[in-house]
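For reference, the structure discussed in these notes is given below.
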Amino acid sequence: MRGLILAYCLTWSSLLIPAHGDGYPPGHLLPLGSHQPPQGGIPMMGKFPSPWVFYEEFVKQSQPLVMRKVLMGSDIPAFDKWTDAYLSDIFGHLPVDVESGKKEDRENGTLWHMTLEKYISMYKKLNGYLVTDVPEAMKVDLKVPLTLQCGGFQNNLQNIIMWFSSGGTKSHLHNDGLDNINCVLDGTKELVLIDLKYADLIHADGWEEKESYSRVNVDRVDMHEFPKLQKVPWHKIVVNKGDCLFIPYRWFHQVHSLPGRNLALNFWFHHRMWYNSSECTDMDPYTAPSKPLRQFDFPQPMEEARSLLLESLEGKERITLEDFSALFGTDQKDDGISECFGIIDEDNNDLLDWPELYKFDLNKMVKDHPVLFPDITSEFDTEQGEVEGGETDNREPGKSDFHADDFDMVEEEKEEEDFKKQTDFEKPTSNPFDSETIETYSGRIPVHIHHVKQEPEEVVVKVKTDPKKMKHEEL
């Protein structure tokens, strides 16, 4: 009888787990990366590099970098402060975005809106994960490492995204048009990294150009449907609590957050083609401490447009009128292109250099020559805040959105909490974090207004939202 059962199990296992010797291509119906061993060669260091080293060795060379334990003992408050209790008590009133499912689904995923406190009360049992722009009030606990403080990086910050889950989440294989430093405040992540030079192989099958992701099932890769993936070399990166990882723009990556509390931040910044050393004269680029995030003015939509406009010129030291005209997809020189070239060419040597390309007023040029910049004009004139992919759902997560047997427990906890609120008439008059939180609310453009209760008065919190939501990234 045991022999029959063993034979039955072996028969089914041979059907479910394809063997390479049985005619299946390597990695078929196995997790992404099973088609060949990972490559090495990703540098590591135990500190944040100076801006110049970071640009010359990593940004310019399109080279990932693992920075081990750089948050441990750092002066970035969030690393030590952002426990569940602290986040719920101090920032629990803030609205956040939560995506349904543990596996990213850009076509059919649902986006929930709730307060941070509500999310923290259910995230350990919820089949979903938080992915949201860091609210303005929370930036009091964040600082910018010296790596991004000068050389032009300080002008190219786009936004900061927070990723928060109970683990077990998986992203699509995708890439992004921004450089990215991903810092892990808690938990462990495993990443598949693929060099941008293999774009043709990745794009060959099932690539969604608009949203820059592959439709491949990262848990069971169908090598018949995605045959070119068999030829793609890849790197395996594991980042733990306290680590940061630089992912160069256009590099393909897929992220798996291992089970357990996972909290991470993405520092997004526009890709630069030039390092401006003159902006680093007033700081020590090797020993400078981190600076409060609120000292940096971002996002800057026109800097994003500049990066997109100039990216095809990367690698050129001098740009001719012909090179400049090619940016607009035309050889005509009587439609404003030569006039724009002349405005940028400050030294009148009939060549453009990178300082000139980063110095000219793109905003004014777009307004004066809208025909030349239809994409930029339309992009920044449209309404912001739209969510691409999936649908927005203002309902609360239902029974099907929790793991088995967890929904009833959440409902019981909610009823208990409601009862406490009804019977607890004595409210604390203050908490030790009030003054720290309040002092960060001045000098911002009000877009959404939230209120923080503090005795004896109410403080108005002005939160500046990001115009381009960076969804679907490091889970």
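Please work out the FRET efficiency for the pair SER34 and VAL371, using the Cβ-Cβ distance as r and a Förster radius of 60 Å; give the result to the nearest 0.05. Once rounded, the FRET efficiency stands at 0.75.
Database remark: amide H of PHE402 closer than 5 angstrom to the amide H of ASN127 (H placed geometrically; neighbours at sequence offset of 5 or more, or on other chains; Pro and chain starts carry no H). Quick check: from the Cα gyration tensor, does region 24-105 come out rounded (a/c under 1.5), prolate or oblate? Oblate, because a/c is 1.5 or more while a/b does not exceed b/c. The distance from the alpha carbon centre of region 63-82 to that of region 122-176 is 13 Å, rounded to a whole number.
Let a ≥ b ≥ c be the square roots of the eigenvalues of the Cα gyration tensor of region 55-185; is it rounded (a/c under 1.5), or, if not, prolate (a/b larger than b/c) or oblate? Oblate.
Within the full protein context, the accessible area of HIS174 is estimated at about 0 Å² for a probe radius of 1.4 Å. Cα centroid separation, region 244-299 to region 192-208: 24 Å. For ASP284, ASP401, ASP222, the ranking by accessible surface with the largest value first comes to ASP284, ASP222, ASP401, using a 1.4 Å probe. Looking at region 184-283, the trypsin sites (Lys or Arg not before Pro) that sit in a DSSP loop and have at most 10 other Cβ atoms within 10 Å of their own Cβ are LYS210. Each principal axis of the Cα atoms in region 111-257 has its own extent, and those three values, largest first, are 48, 44, 28 angstrom. Rg and Dmax of region 116-201, both derived from C-alpha coordinates alone, stand at 15.8, 44 Å.
Of the residues ASP335, ASP375, ranked by 1.4 Å probe accessible area with the largest first, the sequence reads ASP375, ASP335.
With every protein chain present, what is the per residue accessible area of region 103-197 (1.4 Å probe, Å²)?
Working: 2050 Å² over 95 residues.
Result: 22 Å² per residue.
Using heavy-atom solvent-accessible surface (probe 1.4 Å) with all chains present, what is the largest-first order of TYR198, TYR275?
Details: TYR198 55, TYR275 30 Å².
Ranked list, largest accessible area first: TYR198, TYR275.
Taking a ≥ b ≥ c as the square roots of the Cα gyration tensor eigenvalues, with a/c under 1.5 meaning rounded and otherwise prolate when a/b beats b/c, else oblate, which class fits region 80-156? Oblate shape, in that a/c is at least 1.5 and b/c is the bigger or equal ratio.
Between HIS203 and GLU311, the distance separating the two model label sites (each 7 Å from Cα on the Cα→Cβ line) works out to 1.1 nm.
The values are calculated or read from the model by the stated rules, or taken from the named source; none is laboratory data. If you're wondering where the values come from, they're calculated on a predicted model, not measured in any experiment. Neighbour counts run over all protein chains shown; Cβ positions are idealised from the backbone, glycine included. Ligands, DNA and RNA are stripped out before the accessible areas are found, and what is left, the full protein with its side chains, is counted by its heavy atoms. Shrake-Rupley method; radii C 1.70, N 1.55, O 1.52, S 1.80 Å.
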